[in-house]
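Step one of this worksheet: look at the structure below.
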Amino acid sequence: MVKLSPTAALRQRAAKLRREGVEVFDFSAGELDLATPAHIVTAAIDAATKPENHHYGPTGGEDRLRQAIADRLTLRAAAPLDGSNVLVTNGAKQALFNTFMALLKPGDEVLIPAPYWVTFPSSVRLAGGSPVIVQPSAGGLKVTPDNLEAARTPSTRAIVLCSPNNPTGLVYDPSELRALLAWAAQHGIWIISDETYVDLGFRTVPAPSQVEPGVTDRLVTVGSVSKSYAMTGWRIGWMSGPKQIIDAATAIQSHTTSNVSRVAQAAALAALTGHDVTADFRAILRDRLSLCESILEPLGLFRTPPDGAFYIFPDVRRFDPDDVTVADRLLSAGVVTVPGASFGAPGHLRLSFAIDEEQLRRGLMTTAKILNDWGN
């Protein structure tokens, strides 16, 4: 049975605390606290005045946006892409759902390395597949080909890779990624590459088809403007891959949501073709990450700093073996975190630093005091 996303449930609990008058420091947010840049909003306002955007549009997305996405992805591809390789979706979640619906038959297995984004297993189940969680070797947060091989069966159809990762913010370096991709190619396994956070990398994020060009025919890339352009509410994502998969996914979308909002697509086009705002966002996040380090490192909670995105994922087992217990203790003081168990990695907490800096500072200080008192 598919349940409500843990992060959505936490948002509800945080809202309840606020209604009760508790000051809340919400580290569960999966979005930047910044406003969508003005030139993107202006493009949407202009699009909303045009009657053609008040009606149905192409299911696959507006041609100019599909090509802009293809152009962006070509920079990280082994060969040029065009708009026919792209489907515009209602956020990356729909891109994942469409991908699994197009690829999977009932009983097909999808390998999902832990820690994983909470939606991956549910999306596989919704498509009739079976998620298989792959744990990294003891003490690690990245899987190896040996870990994958131990989980492979004749029913293994695909693997999901997410780099920068949610919840850890870690990036597979070229040698690590090449080994995973070569293993997948050897066994004819599809790769779904979730690149939602790629523009928020603090260092270069290797691209699958550049690292291992042989996987191109079995590679689907998922992305969106949500995180990199502060546009989570606009709901614009995409999937890109071989044309037969894109055509199948487009047919699926034609019977679910049809086209994505044409006004929102105009905003996404402005984001992708206008001046780059992601460098400024990365600079803000770097400063906030430094603040996290200064407060949490003395507690031993900054051992695996992220390579990108806006999450830290500390191991909290020194305070209590049960991460849910730790999260509940923090929640009682108004600090909202996400237990690592939600991501298949018990003993950790996910904290987002994509929040106002003063709120971040005060929330971290509250967290540090609670944990320090607990540890003593």
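Identify, by number, the condition in (1) modelled with pLDDT under 95; (2) touching a Gly at 6+ places or on another chain (Cβ under 9 Å); (3) of a type in the set (A, V, I, L, M, F, W, C) that A309 doesn't meet.
Only one criterion in (1) modelled with pLDDT under 95; (2) touching a Gly at 6+ places or on another chain (Cβ under 9 Å); (3) of a type in the set (A, V, I, L, M, F, W, C) is unmet by A309, namely (1).
Looking at T156, T49, T74, T144, which one is over 15 Å from D194 (Cβ atoms) and not assigned by TED's automatic domain parsing to the domain that holds D247?
Unique residue meeting the criteria: T49.
Do we have Q265 as surrounded by 14 or more Cβ atoms within 10 Å (Cβ to Cβ) and among the polar types (S, T, N, Q) here?
Spelling it out, Q265 is indeed surrounded by 14 or more Cβ atoms within 10 Å (Cβ to Cβ) and among the polar types (S, T, N, Q).
If you scan the range 123-150, which residues turn out to be touching a Lys or Arg at 6+ places or on another chain (Cβ under 9 Å) and surrounded by fewer than 18 Cβ atoms within 10 Å (Cβ to Cβ)?
Selection gives G128, P136.
Across the range 56-96, what is the total count of residues that are in a loop (DSSP other than H, G, I, E, B) and either in contact with a Leu (Cβ under 6 Å, 6 or more places away or on another chain) or in contact (Cβ under 8 Å) with a residue 12 or more places away in the chain (or both)?
14
Take the residues in the range 151-169 that are surrounded by fewer than 24 Cβ atoms within 10 Å (Cβ to Cβ) and among the aliphatic types (A, V, I, L, M); name whichever of them is nearest to L349 (Cα to Cα).
Restricting to residues being surrounded by fewer than 24 Cβ atoms within 10 Å (Cβ to Cβ) and among the aliphatic types (A, V, I, L, M), the top hit is L161.
Is there a residue being at pLDDT below 95 and under 26 Å from I312 (Cβ atoms) anywhere in the range 100-118?
Taking every residue of the range 100-118 in turn, at least one turns out to be at pLDDT below 95 and under 26 Å from I312 (Cβ atoms).
Yes or no, residue by residue, for (1) modelled with pLDDT under 95; (2) closer than 30 Å to D287 by Cα; (3) surrounded by fewer than 21 Cβ atoms within 10 Å (Cβ to Cβ):
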residue: S28; (1), (2), (3): yes, yes, no
residue: A38; (1), (2), (3): no, yes, yes
residue: V41; (1), (2), (3): no, yes, yes
residue: N53; (1), (2), (3): no, no, yes
residue: T59; (1), (2), (3): no, no, yes
residue: R64; (1), (2), (3): no, no, yes
residue: R72; (1), (2), (3): no, yes, yes
residue: P80; (1), (2), (3): yes, no, yes
residue: N98; (1), (2), (3): no, no, no
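Taking the stated definitions as given, is D173 at pLDDT 95 or above and surrounded by fewer than 19 Cβ atoms within 10 Å (Cβ to Cβ)?
In short, yes.
The values are calculated or read from the model by the stated rules, or taken from the named source; none is laboratory data. Given the structure is predicted, the values throughout are model-derived calculations rather than measurements. Using ideal geometry, Cβ is built from the backbone for each residue, glycine included, and neighbour counts are taken over all protein chains shown.
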